[in-house]
Amino acid sequence: MKITGIETLVVNAEMRNWVFVKVLTDQPGLHGWGEATLEWKTASVVAAVADLAVLLKGADPRDITNCVRMMRKQSFWRLGTIGHSALSAIEIALWDINGKDLGVPVWRLLGGKVRDRVRIYTHLGLGQVDAVYHSFAASQLREHCEDLRQRGYHAAKIVNVPYSHYASDLAAVRRFADSVQSLREALGDAFAIMVDFHGRPASPRVALDYINAIAEAGIMFVEEPVQPGDVEALAYLRERSPIAIASGERLIEPDEFDVTLTRRAVDIIQPDLCHCGGLGEGRRIAQRAEIVGIGLAPHNPAGPIAGAAALHFAVATPNHVIQEEMVGAAPWYEDVVSTSPILRVDGCWQVPGGVGLGIEIDEIEAARHPFKSESLETKNAVIDDGTIVDW
């Protein structure tokens, strides 16, 4: 079996563009799907896929490890976030091909089932950009989370940490704390809440002020309390925080994950399978994390192929804690899919049958939603004196 070509299909999903990757083979009807969605980098990722496709033409798609080595080793320069996203999508598509070729679901190839269902959480407004990033008031949080509960979700993540700098603003901290506590009182103890800091605090001390302010609200974890890559700051927070610390969605290279796990700087590691190298690298991260007592809550705010890959990964990963999903990120989320392995029952994804990833894209429908420039929410990240801060 040989790879004959690799194609990209860009689908606009309002806040972001989904980048679908299709690996073709010389076997009639046998192809694989992956996803390389990377916010505000769509054109660059598409070009990176084309670059890597040259290396893989004629390779056997069943030799996943060798194909990944080819993309990494023969590129000379480190691939970076853009290149790694392209590689990850291709790697995921190769697993899809292998599953189809062998007649088994991908989770079977990853070691088999370790759970009967996958716990999930979503975002306010089912991922609609205004709801996710513009809900700071307690009333907004309560309204959106109650809507999610009515839709059958049992967990949600909120992004309501104020845009911050190097010193805490007492009034802002108190407003933040009041909104989170109000949300907990409205939802009760059975609904899980996570708070995404989005790396907004400019120092670990500011992040700790916010964390301590919501210590009594029963938060499952706080995510990315400082910017990615600052392992010592994360470790400082983990040692002092009354709430579990999660991070990792913006880590890319294996050594970035290794130093974070070796330092035990987090309670929950959050690789994104569409950026960290795909399912094989995700599995290595999970195994390393399990050795040092760290769980996984993979990042996944992207499209339906990313969701399918995350589902299969979760089914086969023992230290998987909860899975992010964003099925409502665009009104046409399910329209571009002709078959999908994702079935949500009582706040959980079910273990899929079928072969490969179990997902197929309706390319005609997908073509009705071509590339558009994405919403730049980062323009809002400015504090009162005009200083641009982290989004």
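Can you give the Rg/Rh ratio of the range 3-104, where Rg is from the C-alpha atoms and Rh is the Kirkwood radius? Intermediate values should be presented prior to the final figure.
Numbers: Rg = 13.0 Å, Rh = 13.5 Å.
Ratio of gyration radius to Kirkwood radius: 0.96.
Of Lys41/Lys372; Lys57/Lys100; Lys22/Lys57; Lys2/Lys100; Lys22/Lys100; Lys73/Lys100, which sit over 22 Å apart, Cα to Cα? Spell out each step's value before the answer.
Working: Lys41/Lys372 12 Å; Lys57/Lys100 20 Å; Lys22/Lys57 13 Å; Lys2/Lys100 15 Å; Lys22/Lys100 14 Å; Lys73/Lys100 28 Å.
As for pairs spanning more than 22 Å Cα to Cα, those are Lys73/Lys100.
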### Query
Sorted by average packing, counted as other Cβ atoms within 10 angstrom per residue and highest first, what order do 200-212, 303-315, 56-68 take?
303-315, 200-212, 56-68
### Task
Taking amide H positions as placed in the peptide plane 1.01 Å from N, state which residues far from Lys2 in sequence (5 or more) or on other chains have amide H under 5 Å from it.
Asp26, Gln27
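Arg368 to Asp258: FRET efficiency via 1/(1 + (r/R0)^6), r the Cβ-Cβ distance, R0 56 Å, to the nearest 0.05?
According to the calculation, E is roughly 0.85.
Could you order peptides 382-391, 29-38, 281-290 by the average number of other Cβ atoms within 10 Å of their residues, highest first? Don't jump to the answer; show the numbers that get you there.
Numbers: 382-391: 11.7, 29-38: 23.9, 281-290: 20.0.
Put in order of decreasing packing, that is 29-38, 281-290, 382-391.
Going by average Cβ density within 10 Å per residue, which order do the peptides 329-339, 120-130 take, highest to lowest? List each step's numbers first, then the result.
Numbers: 329-339: 17.5, 120-130: 21.1.
My ranking of the peptides, most packed first, is 120-130, 329-339.
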### Summary
Per DSSP, the loop-located trypsin sites (Lys or Arg not before Pro) within the range 1-33 having at most 16 other beta carbons within 10 Å are Lys2
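So what's the back-of-envelope 222 nm ellipticity for the chain, counting only DSSP H runs of four-plus at -39500 (n - 2.57) apiece and dividing by all residues, rounded to 500? List each step's numbers first, then the result.
Values: 13 runs with 146 residues, N = 391.
The per-residue figure over the chain is -11500 deg cm²/dmol.
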## Note on the structure
Checked the chain with the C-alpha gyration tensor, a ≥ b ≥ c its square-rooted eigenvalues, rounded below a/c of 1.5, otherwise prolate if a/b is larger than b/c and oblate if not; verdict prolate
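No lab work stands behind these numbers, since they all come straight from the coordinates. In this text the structure is predicted, and so the values were computed from the model without any measurement. So basically every Cβ, Gly included, is an ideal-geometry build from the backbone, and we count neighbours across all protein chains shown.
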